[in-house]
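The values are calculated or read from the model by the stated rules, or taken from the named source; none is laboratory data. If you're wondering where the values come from, they're calculated on a predicted model, not measured in any experiment. Positions of Cβ are generated from backbone atoms using ideal geometry, with glycine treated the same way; all protein chains shown enter the neighbour counts.
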Amino acid sequence: MRRSMTVIGLLLTSSVALAHFLFLVPESPEKLQAIFSDSLVPDKAVSADKLKSAKFVAHLVDGKSVELTATPREPGTLGLALPPNTLWVRGELVYGVSMRRGEPALVKYYALWMRDLAKSVDWPETWPLRIEVQ
């Protein structure tokens with residue numbers, strides 16, 4: 001009985017550990033917002049220095065890849081302008097080194113955003129997988 005009460009007490013008094021993620025959220029067809037937080041609400045405690053290592057690449061309909069320039073905004077967020085005919089964007093953030101059980105571990109975050117392909121891309125006539133919505 002005493003052991004189960006101890007376990008219940010520990011569970012009730014322990015705080016929930018929240019993890020951060022790198023989110024890519026569309027603002028408009030031409031813009032994305034990168035948010036580093038434990039939810040879609042920007043974390044005000046994340047400084048611009050922590051986000052400066054973020055790299056984003058847009059992949060276009062014609063098969064080309066374009067590196068995007070991230071513009072710092074409010075704490076915990078970056079703005080991204082998309083080139084025309086972007087199919088998807090991938091992002092990577094090297095956050096730093098963390099000590100886990102006495103061992104150093106490199107902490108990296110990844111994000112992926114994909115456009116609604118059927119509606120909003122100007123597909124070239126030579127594209128082999130042309131999608132037509134009827």
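So, in the stretch 88-101, of the ones that are within 16 Å of the chain's Cα centre (by Cα) and not charged (D, E, K, R), which residue ends up surrounded by the most Cβ atoms within 10 Å (Cβ to Cβ)? Spell out how you get there, then give the answer.
Within the stretch 88-101, the subset within 16 Å of the chain's Cα centre (by Cα) is 88-95.
Those still in the list that are not charged (D, E, K, R) too: 88-89, 91, 93-95.
On the way: Trp88: 14, Val89: 22, Gly91: 22, Leu93: 24, Val94: 13, Tyr95: 17.
If we take residues in the stretch 88-101 being within 16 Å of the chain's Cα centre (by Cα) and not charged (D, E, K, R), then Leu93 is surrounded by the most Cβ atoms within 10 Å (Cβ to Cβ).
Residues in the stretch 27-37 that are modelled with pLDDT of 85 or more and not in a strand (DSSP E or B): how many?
Of the residues in that region, 1 qualify.
Tell me which residues, restricted to the stretch 38-59, are assigned to a loop (DSSP other than H, G, I, E, B) and under 17 Å from Val94 (Cβ atoms).
Val46, Ser47, Lys52, Ser53, Ala54
Assess whether Leu68 counts as being modelled with pLDDT of 85 or more, of a type in the set (A, V, I, L, M, F, W, C) and under 14 Å from Ala111 (Cβ atoms). Break it down stepwise before answering.
Numbers: modelled with pLDDT of 85 or more: yes; of a type in the set (A, V, I, L, M, F, W, C): yes; under 14 Å from Ala111 (Cβ atoms): yes.
When the stated conditions are applied, Leu68 passes them.
Answer yes or no: is there a residue in the stretch 118-131 that is modelled with pLDDT of 85 or more and touching a strand residue (DSSP E or B) at 6+ places or on another chain (Cβ under 8 Å).
No, the stretch 118-131 has no match at all.
When the residues of the stretch 69-78 are filtered to those that are in contact (Cβ under 8 Å) with a residue 12 or more places away in the chain and out of contact with any Pro (no Cβ under 8 Å at 6 or more places or on another chain), which remaining residue is farthest from Asp38 (Cα to Cα)?
In this case the residue turns out to be Thr69.
When the stretch 60-78 is examined, which residues are found to be part of a strand (DSSP E or B), buried (at least 16 other Cβ atoms within 10 Å of the Cβ) and of a type in the set (Gly, Ala, Ser)?
Across the stretch 60-78, the qualifying residue is only Ala70.
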